[in-house]
1. Only residues that are surrounded by fewer than 20 Cβ atoms within 10 Å (Cβ to Cβ) and more than 8 Å from every other protein chain (Cβ to nearest Cβ): list them for segment A:42-68, please.
2. For segment A:69-85, how many residues meet the condition of being facing chain B (nearest Cβ under 10 Å), surrounded by 15 or more Cβ atoms within 10 Å (Cβ to Cβ) and without any contact (Cβ under 8 Å) to a residue 60 or more places away in the chain?
3. Would a scan of segment A:9-26 turn up a residue that is among the hydrophobic types (A, V, I, L, M, F, W, C) and more than 12 Å from every other protein chain (Cβ to nearest Cβ)?
4. Which residues, taken from segment B:13-26, are exposed (fewer than 15 other Cβ atoms within 10 Å of the Cβ) and assigned to a helix (DSSP H, G or I)?
5. Given the options A:T204, A:T159, A:T198, A:T130, name the one that is under 37 Å from the mean Cα position of the chain (by Cα) and either at pLDDT below 75 or surrounded by fewer than 20 Cβ atoms within 10 Å (Cβ to Cβ) (or both).
6. Does segment B:27-45 hold any residues that are assigned to a helix (DSSP H, G or I) and closer than 17 Å to B:S68 by Cα, and which are they?
7. Mind listing just one residue for me: the one in segment A:2-21 that is touching a Ser or Thr at 6+ places or on another chain (Cβ under 8 Å) and at pLDDT 85 or above and, of those, farthest from B:S46 (Cα to Cα)?
8. Which residue out of B:L18, B:L55 is within 14 Å of chain A (Cβ to nearest Cβ) and under 13 Å from the mean Cα position of the chain (by Cα)?
Amino acid sequence: MNESQPALNADARARLDEHLDSVERVLSDIGVSRSERRSICDEVESQACEMVWQRAEGEPTEPHMAAVLAELDSAEAYRETAEPSDELRAAHPPVTHPAIHKFALWAFLAPAGGVLLVFSPLRPPGEVPTFIWFGIVSVVFAAMAIRDIRREPSRYFGTALALFGALAIPLLVLNTLVIVQVSDINPFGHAVLKKKMTERLNVTEQQLRQAQLERHGSDVPFEMPKRVIVELSATEKWIADNAPILPYLIDISIIGATVTFSILLFVWLYKRCRPRGCPPPTAARQRRRLNVV
Amino acid sequence: MRSWTSQLRKGVTELVVLAALRQGEAYGYELLQRINDIDGLSLTESTVYPLLARLKREQFVNVRAAPSPSGPPRRYYKLTSTGRRRLRDMLEQWQAVGTAVELLTDGEPQ
């Protein structure tokens, strides 16, 4: 208060203070800083005093003050217009609702689709594992998802899913190579065996042709015997004996190892990628607390 | 319509206050009267004073206190150079939007 300020009578002063206290309380509720609360209340006080002295002929009384305050905005009006301090805003940033990135989901589902397709009747013929194409698609989806998630973390999540999808097929291939290296098993043994047998039969046929030519000349037409004994090595015998189930055994072991490893990796990544702390539950609740419109 | 008008006024409040301060420094109530003297602009203290507090925080205005014959010291607000720049930028945006809307509303339907 300034020394030149004319004093209000006690009742008028009390009425004004009551209003100022209400404004102060609302501003404090919103989170307006102390200095700004004081600044705003000083302005309101200054305006109320100026208005009341203009109206009253002589010393203003409580009814004069009541009439002036009736013309001013209510304390609640400040709830809509004042802003919380920077500190409070920083402590409680606006809550958004991030959604799972669609490409992250597709990246997660694609390898599973590829593996399922391998065991389905729709599996295309050929030796090239079909799921590798799904792996490539998955890696592309995952890369796009992770790029978006990094750019807008408040809008998207799903890094762990994308990473899982991107790594699933490469890990499957890696596991295959490891298994082949460690166990000395050729996963394409069945096909290799067939090829070797064919080659050996061709050689045998050539040898038989040659033998017949030397024995009977070219007058007698050559006929391949219905039964030919071909000697196999121990490994080839094992492959030949287990040929019908071998590819499935290999597939199952590879998939089992991949799934186990991927789940462990997923859990580890999830723990690393999830946001720290517990975010406030909803934006509406946050706004209510801060009284921000 | 009322809601739209309210939103429009809310959107231009800062521009209006800065533009009013361009006419010269003023204390809070004086600034309020200066604005409300113009038809079509109707702002109340619960809008202007918190805004002035923010403008001060963002250093768009300077404040000095001077004694008042009728109450507590008056706080006189004056545009800073940053505030002038801000006003100029806002006016450019305002004119761009205004011109665009005029083009749309004045143009004959095709």
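1. Those that are surrounded by fewer than 20 Cβ atoms within 10 Å (Cβ to Cβ) and more than 8 Å from every other protein chain (Cβ to nearest Cβ): A:R55, A:A56, A:E57, A:G58, A:E59, A:T61, A:E62, A:P63, A:A66, A:A67.
2. Summing the residues that are facing chain B (nearest Cβ under 10 Å), surrounded by 15 or more Cβ atoms within 10 Å (Cβ to Cβ) and without any contact (Cβ under 8 Å) to a residue 60 or more places away in the chain in segment A:69-85 gives 8.
3. So the first thing to find is which residues in segment A:9-26 are among the hydrophobic types (A, V, I, L, M, F, W, C), and the list is A:10, A:12, A:14, A:16, A:20, A:23, A:26.
Subset that is more than 12 Å from every other protein chain (Cβ to nearest Cβ): A:10, A:14.
Yes, segment A:9-26 contains at least one residue that is among the hydrophobic types (A, V, I, L, M, F, W, C) and more than 12 Å from every other protein chain (Cβ to nearest Cβ).
4. The one that is exposed (fewer than 15 other Cβ atoms within 10 Å of the Cβ) and assigned to a helix (DSSP H, G or I): B:R22.
5. A:T130
6. Selection gives B:G28, B:Y29, B:E30, B:L31, B:L32, B:Q33.
7. Here is the first cut: in segment A:2-21, the ones touching a Ser or Thr at 6+ places or on another chain (Cβ under 8 Å) are A:2, A:4-6, A:9, A:11-12.
Applying the additional criterion that residues be at pLDDT 85 or above yields A:11-12.
Values: A:D11: 24, A:A12: 21 Å.
It comes out as A:D11.
8. B:L55
The values are calculated or read from the model by the stated rules, or taken from the named source; none is laboratory data. Bear in mind that the values here come from a model prediction, so they are computed numbers and not experimental data. Cβ atoms come from the backbone with ideal geometry, glycine included; neighbour counts cover every protein chain shown.
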